[in-house]
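Take a look at the structure set out below.
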Amino acid sequence: MREIKVSEITDKIKNMCIDVNLNLSDDMRSALKEASQEEDSELGKHILKQLEKNLEIASSENIPICQDTGMAVIFLEIGQDVHLTGGSLEAAINEGVRQGYTEGYLRKSVVSDPLIRKNTGDNTPAVIHEKIVDGDKIKITLAPKGFGSENMSRVFMLKPAEGIEGVKNAVLTAVKDAGPNACPPMVVGVGIGGDFEKCAILAKLALTRKVNESSEIQYVAELEEELKEKINNTGIGPGGLGGKTTCLAVNINTYPTHIAGLPVAVNICCHVNRHISCIV
Amino acid sequence: MEIKLTSPIEKSRLSELRAGDMVSISGTIYTARDAAHKRMEEALSSGKDLPFDIKGNIIYYMGPSPAREGQVIGSAGPTTASRMDKYTPKLLDLGLAAMIGKGKRTPEVHEAIIRNGAVYFAAIGGAGALLSKCIKECEVIAYEDLGTEAIRKLRVEDFPCIVVIDSTGEDLYLK
């Protein structure tokens, strides 16, 4: 049994909140750069170049890449041989978010009640997903999620008979409906299988995979490629103003499901697809 | 290429713009997003004045991140305009000249834009650091308790936008 103080989690999360909102990951930077070189539309190219410039300013001047610094979504993989000490894990996580968003000059975008809508003032609480795994370490992944794209995300409860064509239609429907609202070029996270909530979590987790990494399952990797091409053929383009760069990647996760079901979740992310991980 | 505009702005100037035109805006603009629109709607319903004179003015759908010391404002890119659609026709009928945001608008907003000779601009979504450099002054003028959603009066210089819906109703997203 290894002991980990929850205060260590607080510090990690605080620093990750600040870092991830100022610096986009290398895979996303490369994907944007590549897209701006390959875009045919003049306006599309201009927008992609502006986005690259935006990333430079964000890093060099400590201004968040996007003003929507998101709701903090946190995935934890907790080794079963870990003993957490020094207080509540959930409280420690939220303290990390509070410190990160306050000290990092990040926007506080969370309201305490979905209908009464009073801002909590410190961007807490986070959305936390925990998984117990083997080992004596904790892997923390932070993925702040902006709601321009979150609002365009969908869950489709398909029938098994709709099969892979049904899945393709679902993804394309969500992307076309999202259009300019989701700040394209997008990253499209897809969860297939599980049940109603599992597919949504799979889709969100898919957004934390690097955009230059394919699924390890061959047919899924092929589906990712095919959907990416189809999405880029919609012509939505950068900023929704036309072009062939509508998405930078389609990342799909799958899970076993029920004999009667084919759940599909499409979690759309904008070009500011932020995620960062560390191991404690 | 780029058309220079000054805000507040005359409707006659807006009527020259066409969907797809690149413009740069200098002058005074006001921020308002979801919660501020709700407050403005409530003010109008109870017969009160709006916190600023919207006639000839431009609303920027934006809620910034906080400014660090020495900065005018934090990250300051556009938010999705469609969430304001419910409130927009009334504001256009009261003289609002233009809006800056991103994303699609409802048919009701299209009609109100045509009826009033207004314009809907898009700024580049997710380019908040870049756009913040065009904001030279920022002052909260109403609903301070709303935090990032408070109404701010901004002085902008060469703020880059694209005409998405022009005063004839032509929509660049639908082209």
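The values are calculated or read from the model by the stated rules, or taken from the named source; none is laboratory data. The shown structure was predicted, so the numbers you read here are calculated from the model rather than taken from an experiment. For neighbour counting, all protein chains shown are included, and Cβ atoms are generated from backbone atoms with ideal geometry for every residue, glycine included. SASA here: full protein model, heavy atoms, side chains in, ligands and nucleic acids out. Shrake-Rupley method; radii C 1.70, N 1.55, O 1.52, S 1.80 Å.
Some notes on this structure:
- The local environment of A:Ala143, defined by Cβ-Cβ distances under 10 Å, has a net charge of +3 under the rule Lys, Arg +1 and Asp, Glu -1.
- Considering only alpha-carbon pairs that sit under 8 angstrom and 6 or more positions apart, the relative contact order computed for region A:147-272 is 44 percent.
- Those lysines that a straight Cα-Cα span of less than 18 Å connects to A:Lys53, excepting residues fewer than 8 apart in one chain: A:Lys33, A:Lys45, B:Lys133
- Relative to one another, the C-alpha centroids of region A:1-33 and region A:46-96 are positioned 6 Å apart.
- Relative contact order (%) - criterion: Cα under 8 Å, at least six apart; region: chain B: 31 percent
- Cβ distances below 4.7 Å define possible disulfide partners, and in the protein assembly as shown the cysteines left without one are A:Cys17, A:Cys66, A:Cys199, A:Cys247, A:Cys269, A:Cys278, B:Cys134, B:Cys138, B:Cys161.
- For chain A, taking Cα atoms only, Rg and Dmax work out to 19.0, 59 Å respectively.
- Distance violations [Cα-Cα > 26 Å] among B:Lys11/B:Lys153; A:Lys108/A:Lys230; A:Lys228/B:Lys102; A:Lys118/A:Lys210: A:Lys108/A:Lys230; A:Lys118/A:Lys210
- FRET E, pair A:Asn212, A:Ile128, Förster distance 22 Å, beta-carbon r, rounded to 0.05: 0.20
- Antiparallel DSSP beta bridges within chain A, percent to nearest 5: 50 percent
- The modelled label-to-label distance for the pair A:Lys159/A:Lys137, using points 7 Å beyond Cα in the direction of Cβ, is 4.7 nm.
- Average accessible surface for chain B: 40 Å² per residue, computed with a 1.4 Å probe over protein heavy atoms with every protein chain in place.
- Using a Förster distance of 35 Å, the FRET efficiency for B:Glu10-B:Val72 (Cβ separation, nearest 0.05): 0.80
- Solvent-accessible area, 1.4 Å probe, carbon plus sulfur percent, for chain A: 50 percent
- For region B:1-70: rounded, prolate or oblate by the Cα gyration tensor [a/c cutoff 1.5]: oblate
- Solvent-accessible surface (1.4 Å probe) assigned to A:Lys210 amounts to roughly 100 Å².
- Shown for region A:102-138: residues covered by the partner protein chains by 40 Å² or more of accessible area relative to the chain by itself (probe radius 1.4 Å), namely A:Tyr105, A:Arg107.
- In the complete set of protein chains, residue-level accessible area for A:Glu52 is approximately 40 Å², probe 1.4 angstrom.
- Cα shape, region B:3-170, gyration tensor, a/c 1.5 rule: oblate
- Each chain gives up part of its surface: B and A jointly bury about 2700 Å² of accessible area, both sides summed, for a 1.4 Å probe.
- Cα shape, region A:16-66, gyration tensor, a/c 1.5 rule: prolate
- If only the Cβ of Lys and Arg carry +1 and only the Cβ of Asp and Glu carry -1, the dipole of region B:1-98 around its Cα centre is close to 120 debye.
- Total charge dipole magnitude, region B:3-170, about the Cα centre, Cβ charges on Lys, Arg, Asp, Glu only, Debye to nearest 20: 180 debye
- Net dipole in debye of the protein assembly as shown [+1 Lys, Arg Cβ; -1 Asp, Glu Cβ; about Cα centre; nearest 20]: 740 debye
- Normalised by the number of residues in chain A, the average gap of Cα pairs under 8 Å and 6 or more apart makes the relative contact order 25 percent.
- The distance separating the Cα centre of region A:158-233 from that of region B:79-157 comes to 32 Å.
- B:Glu139/A:Val111 FRET efficiency (R0 22 Å; Cβ-Cβ; nearest 0.05): 0.35
- The protein assembly as shown: calculated mean residue ellipticity at 222 nm from DSSP helix runs of at least 4, using -39500 (n - 2.57): -10000 deg cm²/dmol
- Under 16 Å of direct C-alpha separation, and excluding same-chain neighbours fewer than eight residues apart, A:Lys198 reaches these lysines: A:Lys131.
- Accessible surface computed residue by residue for chain A, with neighbouring protein chains in place and a 1.4 Å probe, gives 44 Å² per residue.
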